[in-house]
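Working notes, beginning with the structure itself.
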Amino acid sequence: MVGLRVMKQWIYRMLEKHEIVNVQCIIGNHDTQSAYALSVFLAEHFSNNERVKVDLSPNVFRWHRFGKNLFGMTHGHTAKPQDLPAIMAVDRQVDWGETENRHWYTGHVHHDSNKDYRGCSVETVRTLAPRDAWHHESGYRSKQDMKCDVWHRENGRVERHYIGLPQLRRKQK
């Protein structure tokens, strides 16, 4: 329920500033059914709002084109980071040829990394989710945060904003 409320709140806030809001609920290795169910719920909730576009594809690889930018999104549990640029080039041949900035967002490993490959960068981002028993017992201790990137239609990424757990906790008080 918390996830549903958070997603709805984010979408309503984005509608205050943006004409169209594209929603992607990326399917991961721990939530294959719940991620899709979240997409279905949001699609139904916003079904009378033509400004909200919810992607209902079951594909683990998702795409978004914004001007000269092409984004690939995947949880990261099905393909190695070094293989993602080729997947993008093959699956989105026209977009690849017409864009200058190509970037993948992934999660799965729950820590930050960013690597440039030929024609494309691949980034893994942290999570806000708390460590489960398996990750704790395995010694994982990555920090938790969220990022908001601002991309310019022609110039690529121009800003990045961070919010971590301490900021979120202070805002709750």
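The values are calculated or read from the model by the stated rules, or taken from the named source; none is laboratory data. This one's a predicted model, so the numbers in the text were calculated from it and none came from an experiment. Positions of Cβ are backbone-derived with ideal geometry, glycine not excepted, and every protein chain shown enters the neighbour counts. Heavy atoms of the whole protein, side chains included, go into the accessibility calculation; ligands, DNA and RNA do not. Shrake-Rupley method; radii C 1.70, N 1.55, O 1.52, S 1.80 Å.
Which is outside any strand (DSSP E or B), modelled with pLDDT under 95 and loosely packed, with under 13 Cβ neighbours inside 10 Å, of 126, 131, 169?
The conditions single out 169.
May I ask you to list the residues in the range 6-50 that are under 15 Å from the mean Cα position of the chain (by Cα), outside any helix (DSSP H, G or I), of a type outside the set (A, V, I, L, M) and farther than 16 Å from residue 60 by Cα?
Within the range 6-50, just 22 meets the criteria.
Give the range 78-123 a look and list any residue that's open to solvent by 60 Å² or more (accessible area, probe 1.4 Å), part of a strand (DSSP E or B) and acidic (Asp, Glu), or say none.
116
Condition test on residue 140, is it more than 18 Å from the chain's Cα centre (by Cα), farther than 26 Å from residue 12 by Cα and open to solvent by less than 70 Å² (accessible area, probe 1.4 Å)?
Numbers: more than 18 Å from the chain's Cα centre (by Cα): yes; farther than 26 Å from residue 12 by Cα: yes; open to solvent by less than 70 Å² (accessible area, probe 1.4 Å): no.
Against the criterion (more than 18 Å from the chain's Cα centre (by Cα), farther than 26 Å from residue 12 by Cα and open to solvent by less than 70 Å² (accessible area, probe 1.4 Å)), residue 140 does not qualify.
So, in the range 1-18, exactly how many residues are among the hydrophobic types (A, V, I, L, M, F, W, C), over 22 Å from residue 71 (Cα atoms) and either surrounded by 15 or more Cβ atoms within 10 Å (Cβ to Cβ) or in contact (Cβ under 8 Å) with a residue 12 or more places away in the chain (or both)? It would help to see each step written out before you state the result.
So the first thing to find is which residues in the range 1-18 are among the hydrophobic types (A, V, I, L, M, F, W, C), and the list is 1-2, 4, 6-7, 10-11, 14-15.
Those still in the list that are over 22 Å from residue 71 (Cα atoms) too: 1-2, 4, 6.
The next check asks that each one be either surrounded by 15 or more Cβ atoms within 10 Å (Cβ to Cβ) or in contact (Cβ under 8 Å) with a residue 12 or more places away in the chain (or both); those that pass are 4.
So the answer is 1.
Restricted to the range 152-165, and to residues that are farther than 22 Å from residue 82 by Cα and open to solvent by less than 50 Å² (accessible area, probe 1.4 Å), which residue is farthest from the chain's Cα centre (by Cα)? Walk me through it before giving the result.
Kept after step one, since they are farther than 22 Å from residue 82 by Cα, are these residues of the range 152-165: 152-155, 158-165.
The next check asks that each one be open to solvent by less than 50 Å² (accessible area, probe 1.4 Å); those that pass are 163-165.
On the way: 163: 15, 164: 17, 165: 18 Å.
Step by step, filter the range 152-165, then rank; the result is 165.
I'd like to know if the range 63-77 contains one or more residues that are within 29 Å of residue 16 (Cβ to Cβ), charged (D, E, K, R), open to solvent by 50 Å² or more (accessible area, probe 1.4 Å) and at pLDDT 90 or above.
yes
Looking at the range 19-49, which of its residues are open to solvent by less than 80 Å² (accessible area, probe 1.4 Å) and charged (D, E, K, R)?
Residue satisfying the conditions is 31 alone.
Scan the range 81-104 and report the pairs whose first residue is more than 13 Å from residue 64 (Cα to Cα) and whose second residue is of a type in the set (S, T, N, Q), with Cβ atoms within less than 9 Å and a gap of 6+ or a chain change.
Partner pairs satisfying both residue conditions: 81/106; 81/113; 81/124; 84/74; 84/106; 85/121; 87/74; 100/69.
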